[in-house]
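The block underneath contains the structure these notes are about, expressed in structure tokens.
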Amino acid sequence: MAAENVVATYYYPTAAPGAMEVCGAEFGRGAGDKCFDDDGRPKRSGTVWTASAHIITAVIGSGVLSLGWATAQLGWVAGPAVMLLFSLVTYYTSALLADCYRSGDPTTGKRNYTYMDAVNANLSGVKVQICGFLQYANIVGVAIGYTIAASISMLAIRRANCFHQKGHGNPCAISSTPYMIIFGVAEIFFSQIPDFDQISWLSILAAVMSFTYSTIGLGLGIVQVIANKGVQGSLTGISIGAVTPMDKVWRSLQAFGDIAFAYSYSLILIEIQDTIRAPPPSESTVMKRATVVSVAVTTLFYMLCGCMGYAAFGDGAPGNLLTGFGFYEPFWLLDVANAAIVVHLVGAYQVYCQPLFAFVEKWAARRWPGSAFVAGEVEVPLLPRYKVNPFRATWRTAFVAATTAVSMLLPFFNDVVGFLGALGFWPLTVYFPVEMYVVQKKVPRWSTRWVCLQMLNLGCLVISVAAAAGSIAGIASDLKEIFKIFGSLCLVGSAPLDFCGRRRLSPRKKLPVVFRLVSA
């Protein structure tokens, strides 16, 4: 008779076996609601704190280390003002975007699982393709930028130990390439985590690491200010004379891009919101609370780290705050900070890349639904309880390998960060959230609210274009330096020449295929 009261038994591919056993929905008891949400997917378990951890992991990233440099370009007045402005814009547009997670009713409406789904539900047409291209191109760029940043921090640890052992007069010339490879190998391993729901622990760990290195950088900045017996810097930033007037303009614009990058996380906001458990309260309400918490925390850290970095180093503030202390004692403290950065970037890389991973895998599943390579799972010989999807393992490994290879060709950090910020800030953080909000809420054209939203749109577009121009100018300058470095290529093995200034190449000899780049 008990069996007659069972209405249905639901199974979901990603649900754990133990969960499947208890998901029989008995008549009148609603037991199925304990296992599945209104869309038939397993119960989401995210809270305001896990969402905040995801956001902080994504936001307080490597960008915080460049804020001292950005403040140095803008000065004591414009630097903090621009950071505060970007924090307010980010919070406001994130609140608009959070309302787009469900179409129609904010509690029972159709869910939009990704940023592209939200754009498709509200705008459709060619804008969906543009949004997808910008979102995923920005994710690729972030992956490259984070690989560069992680290698810089690992290289900093190695050089700090070298200076400690051999003295500060030793050049300690070490290539960053092996460290990019190490980071890439680690990301290949962690990229096999299937989806967002299963990386909450990694996000929490990464968020703790971000507070660790930000606090150390802040503390070292305070010590440096005390050692300098005063605060460095000026009201208007780096002065004309130290740089040319044109360089001042370009560097100021690049600083805008750096700050924009430091606040950018809208491209993964919908994906984070999709991890939040079902109402009440509504997902948008929880996401807005998480946004308040995370933006307030990050702005506080940004103000402290950016301003303290400028106060400590003045116009000479480095692009990476933790590389500006000269690797003097206590060198181990800088090692701890840089190690925390690396751990944080491992998690941040995964938080940013999960939407792209999911997009490609869903597309492949639709394209080849019956393929065992795409949909099947293979047991790992040494870990019989662990199964791997062949397509996921292949595609994600290839992606990490490709971004690592590109990172080796772009070993400059600040300009890449600025360009990424400029590229993604206006369309993904401002334009699409504003346009979707206007459509969803049916805001009348030429009403006061509509005009204000369009003014915000236009103003942020101007800032993004200017910041992109400044970053491109910086990249062009860096490429000139790269060409000079390639003039110092050293040959591997017993070649008759290296370009390091010791011998000249005989015109009858050909260059071997393998080279080693010596970077100072």
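Taking segment 278-296, which residues are of a type in the set (V, I, T) and within 25 Å of D38 (Cα to Cα)?
T285, V286, T291 - these are the residues of segment 278-296 that are of a type in the set (V, I, T) and within 25 Å of D38 (Cα to Cα).
Just to be sure before I move on: is A468 out of contact with any His (no Cβ under 9 Å at 6 or more places or on another chain), modelled with pLDDT under 90 and open to solvent by 10 Å² or more (accessible area, probe 1.4 Å) in the structure I sent?
Judged against the criteria, A468 is a match.
Has segment 179-201 got any residue that is farther than 27 Å from H54 by Cβ and touching a residue at least 40 places away in the same chain (Cβ under 8 Å)?
yes
Test C307 against the stated conditions and say whether it is open to solvent by less than 80 Å² (accessible area, probe 1.4 Å), touching a Pro at 6+ places or on another chain (Cβ under 9 Å) and modelled with pLDDT of 85 or more. Show your work before the answer.
On the way: open to solvent by less than 80 Å² (accessible area, probe 1.4 Å): yes; touching a Pro at 6+ places or on another chain (Cβ under 9 Å): yes; modelled with pLDDT of 85 or more: yes.
The answer is yes for C307.
Test R44 against the criterion of being part of a loop (DSSP other than H, G, I, E, B), modelled with pLDDT of 70 or more and basic (K, R), and give yes or no.
On the way: part of a loop (DSSP other than H, G, I, E, B): yes; modelled with pLDDT of 70 or more: yes; basic (K, R): yes.
So R44 fits the description; yes.
Quick one: which residue in S153, S103, S124, S175 is closer than 30 Å to G40 by Cα and touching a residue at least 60 places away in the same chain (Cβ under 8 Å)?
S103
Which condition from (1) outside any helix (DSSP H, G or I); (2) at pLDDT below 80 is the one that G18 breaks?
Going through (1) outside any helix (DSSP H, G or I); (2) at pLDDT below 80 one by one, G18 breaks only (1).
How many residues does segment 447-460 hold that are modelled with pLDDT of 90 or more and either of a type in the set (A, V, I, L, M, F, W, C) or closer than 23 Å to Q254 by Cα (or both)?
Counting residues in segment 447-460 that are modelled with pLDDT of 90 or more and either of a type in the set (A, V, I, L, M, F, W, C) or closer than 23 Å to Q254 by Cα (or both) gives 8.
Somewhere in segment 260-279, is a residue open to solvent by 50 Å² or more (accessible area, probe 1.4 Å) and either outside any loop (DSSP other than H, G, I, E, B) or farther than 13 Å from T71 by Cα (or both)?
Yes; the residues of segment 260-279 include at least one that is open to solvent by 50 Å² or more (accessible area, probe 1.4 Å) and either outside any loop (DSSP other than H, G, I, E, B) or farther than 13 Å from T71 by Cα (or both).
Taking segment 121-144 as the search range and keeping residues that are in a helix (DSSP H, G or I) and over 19 Å from E271 (Cβ atoms), which one is most open to solvent (accessible area, probe 1.4 Å)?
Filtering first and then ranking leaves V126.
Please indicate, with yes or no, whether at least one residue in segment 371-389 is under 17 Å from F189 (Cβ atoms), surrounded by 18 or more Cβ atoms within 10 Å (Cβ to Cβ) and touching an Asp or Glu at 6+ places or on another chain (Cβ under 8 Å).
Yes, segment 371-389 has at least one match.
With the requirement that a residue be modelled with pLDDT under 75 and open to solvent by 50 Å² or more (accessible area, probe 1.4 Å), what does segment 171-194 give you?
P171, A173
Quick one: A143 ticks every box in (1) in contact with a Ser or Thr (Cβ under 8 Å, 6 or more places away or on another chain); (2) farther than 28 Å from V378 by Cβ; (3) among the aliphatic types (A, V, I, L, M) bar one, so which box is it?
Answer for A143: the failing condition is (2).
If you check V64, V82, which single one turns out to be touching a Gly at 6+ places or on another chain (Cβ under 9 Å) and either at pLDDT 80 or above or open to solvent by less than 30 Å² (accessible area, probe 1.4 Å) (or both)?
Sole residue among the options that is touching a Gly at 6+ places or on another chain (Cβ under 9 Å) and either at pLDDT 80 or above or open to solvent by less than 30 Å² (accessible area, probe 1.4 Å) (or both): V64.
Return the pairs, sorted by first residue and then second, in which the second residue is open to solvent by 70 Å² or more (accessible area, probe 1.4 Å) and modelled with pLDDT of 85 or more, the first residue lies in segment 217-236 and is on the phi > 0 side of the Ramachandran plot, the beta carbons are less than 7 Å apart, and the residues are 6+ apart or on different chains.
What qualifies is G233/W76.
The values are calculated or read from the model by the stated rules, or taken from the named source; none is laboratory data. Worth saying up front: this structure is predicted, and the values here are computed from it rather than measured. Positions of Cβ are backbone-derived with ideal geometry, glycine not excepted, and every protein chain shown enters the neighbour counts. Note: areas computed on protein heavy atoms with side chains; ligands, DNA, RNA excluded. Shrake-Rupley method; radii C 1.70, N 1.55, O 1.52, S 1.80 Å.
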